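Working notes for the structure below.
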Amino acid sequence: MDKNKITDAKISEQGRVDESTGRQVALLTAIISIFRESTECETEEEVAQVCLKYAEELTGSRIGFIGELNPEGLFDTTTLSQAGWEACRIPRPEAYTLLKSMPNRGINRLGLRENASWIINDPASHPDAIEKPAGHPQLNSFLGVPLRFVGGIIGMIALANKESGYTLDDQHDVEALSVAFVETLNRRRAENKINELNEELKRHVQQAEAANKELEAFSYSVSHDLRAPLRHVTGFVELLNKRDLGALDEKSRHYLEVISEAAQKMGALIDDILAFSRMGRIEMMKTRIDFSKLVQEVINELKEEAQGRDVVWEVAPLPVLEGDAAMLRLVMSNLISNSLKYTRRRSQARIEIGAISDDPIETHFYIKDNGAGFDMKYVDKLFGLFQRLHDAEEFAGTGVGLANVQRIIHRHGGRVWAKGEVDRGAAFWFSLPKAKSV
């Protein structure tokens, strides 16, 4: 073989290698530039301008645009390149209107229907070509690349008027740029969404702080403004009771008893409201808690309430978890005393206490009884402040205990729920996170 021909072939091959390497370097440089420069952009249109600039430089295009499909399936042009605006002879206000909500037709939208990139180097003779508005730039060649996200098309990058016409290399380069652009755009939108959520969270925190201040003011008012007149009522009733009541008839003595009982109930309600208020502000002191020991202590404290009754206690072994001992003692005390209260009309009360630990995230505790139960259609009211499903005359209470239970469990990162049936008992559940179980 002629040595000159061999040398020419080697030179040609080396030229192709150099050209390919040069394209790859240029493409990588453009992608890096898109990521870097987009961080300084204030709007999505500016991000699109950055992408268009490098797409035009990489392919040798004269003009270009980027657009997205809107929720109605029509095409909205996000931005034209600077060269595109200079080539456009339509007044900008009119152009902005024309570039929004355009039907998917003509060579500009061809690939959106086919779900693939497309090259048209003779637009005028293409069967899908349509008449352009007056002042629209003349197209001599065209390259369209869909913008894809999570497997679907969200828009396109369009380039036009490369003098030598577009090649597959141009198409592959712009497809790589499109991935960088979509990644940049979605990262930016995610960051904006996070910022919005953070701002919303900040507003909620401020609202919660304001509500807590109002609650503190309310608690102060309850403690001072309501207790004073209540002490007067209680004090004068006690003074009357110490006098000779022989001058009073039976009805008058009954009235004094009603006043005294009402004052006591009012005092208990004030105490519960203040306890509920404090529970939201008091600092949690977490320690290891042996729930078997804690529950037994609560049951012993309630012996007087159970005295003279046939109460069957079924207490399963309970785990050791981390939490605020005082708060969780109050939870158990509220739930167990409720079971005692609502089973008092049973000849034999059965109260079952246990825990289920097969969930990998949290431990579920339950307190079940065979008492009065409740109608499940009112279950959403159970843990609300001052919500009662039974008459105060039938079962005494202020409607604060279960609200306190919910507040304490929520502060521990857990949940509360209940199941019941009228006259067939109830089961109250709460969960505590396992993250710090021992």
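What follows is calculated from the coordinates using simple rules that are stated; it is not laboratory data. Since the structure is predicted, the reported quantities are computational estimates derived from the model, not experimental observations. Cβ sites come from the backbone with ideal geometry, for glycine too, and all protein chains shown count toward neighbours.
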On a full-extension model of 0.36 nm per residue, what is the gain between Ser357 and Asn300, subtracting their alpha-carbon distance, rounded to one decimal in nm? 18.0 nm
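Output the peptides 196-202, 232-238 sorted from most to least packed, where packing is the average of other Cβ atoms within 10 Å over each peptide's residues. Write out the running numbers ahead of the final one.
Numbers: 196-202: 10.0, 232-238: 13.7.
By packing density, highest mean first, the sequence is 232-238, 196-202.
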Crossing angle, helix 325-342 versus the chain [Cα axis fit, 0-90 degrees, rounded to tens]: 60 degrees
I need the fraction of alpha carbon pairs in the chain separated by more than 34 Å, rounded to a whole percent. 60 percent
Under a straight-distance cross-link criterion of Cα-Cα below 28 Å, which lysines are reachable from Lys132, leaving out those fewer than 8 residues away in the same chain? Lys53, Lys100, Lys162
Given Asn140, Ile34, Leu185, which one lies farthest toward the positive end of the charge dipole of the stretch 3-194, if we put +1 on the Cβ of every Lys and Arg and -1 on the Cβ of every Asp and Glu? Asn140
Rank-order 311-321, 157-167, 411-421, 128-138 by packing density, defined as the average count of other C-beta atoms within 10 Å over each peptide's residues, highest first. 157-167, 411-421, 311-321, 128-138
As straight-line cross-link partners of Lys242, the qualifying lysines (C-alpha separation under 18 Å, not fewer than 8 residues apart within one chain) are Lys251
Quick check: from the Cα gyration tensor, does the stretch 3-194 come out rounded (a/c under 1.5), prolate or oblate? oblate
Using the alpha-carbon atoms, what tilt in degrees (0 to 90, nearest 10) does helix 250-279 show relative to the longest principal axis of the chain? 30 degrees
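What FRET efficiency comes out for Asn192 versus Leu74 if R0 is 22 angstrom and r is the Cβ-Cβ distance? Round to the nearest 0.05.
On the way: r = 24 Å, r/R0 = 1.08.
In this case the efficiency is close to 0.40.
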Among Gly22, His364, Leu328, the residue whose Cα sits farthest towards the positive end of the charge dipole of the chain (+1 at Cβ of Lys and Arg, -1 at Cβ of Asp and Glu, taken about the Cα centre) is Leu328
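How long is the gain from Asp423 to Val179 if the chain were fully straight, where each residue apart is worth 0.36 nm and the alpha carbon distance is subtracted? Before the final figure, lay out each step's value.
Details: separation 244, 0.36 × 244 = 87.84 nm, distance 6.40 nm.
Length gained between Asp423 and Val179: 81.4 nm.
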Need one number: % antiparallel among DSSP beta bridges in the chain, to the nearest 5. 90 percent
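In deg cm²/dmol and to the nearest 500, what is the mean residue ellipticity at 222 nm of the chain if only DSSP H runs of at least 4 residues count, each as -39500 (n - 2.57), divided by the residue total? Each step should come with its number before you reach the end.
Details: 12 runs with 214 residues, N = 438.
Value at 222 nm, helices only, nearest 500: -16500 deg cm²/dmol.
How high is the FRET efficiency from Glu114 to Ser292, r the C-beta distance, R0 45 Å, rounded to 0.05? Mind dumping the intermediate values first?
On the way: r = 69 Å, r/R0 = 1.53.
Calculated value: 0.05.
If we count every other residue with Cβ under 10 angstrom of Ala426's Cβ, Lys/Arg +1 and Asp/Glu -1, where does the sum land?
On the way: positive: Lys368, Lys419, Arg424; negative: Asp369, Glu421.
Residues near Ala426 contribute +1 overall.
Assuming 0.36 nm per residue, please report the length gained on full extension of the stretch Glu46 to Tyr378 beyond their Cα-Cα distance. Before the final figure, lay out the partial values.
Details: separation 332, 0.36 × 332 = 119.52 nm, distance 5.46 nm.
The Glu46-Tyr378 span can extend by a further 114.1 nm.
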Footprinting proxy, Asp358, Asp170: sorted fewest to most Cβ within 10 Å, the residues are Asp358, Asp170
Helix axis angle, 291-301 relative to the chain longest principal axis, alpha carbon, degrees: 30 degrees
Mean-square fluctuation maximum in Gaussian network of the chain, Cα pairs under 10 Å, restricted to Ser221, Ser33, Ser125, hits Ser125
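Over the chain, what is the relative contact order in whole percent, taking alpha-carbon pairs under 8 Å and six or more residues apart?
Numbers: 592 pairs, mean separation 42.2, N = 438.
Relative contact order, the chain: 10 percent.
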Could you tell me which of rounded, prolate or oblate describes the stretch 284-438, using a ≥ b ≥ c as the square roots of the eigenvalues of the alpha-carbon gyration tensor, with rounded for a/c under 1.5 and, failing that, prolate when a/b is larger than b/c and oblate otherwise? prolate
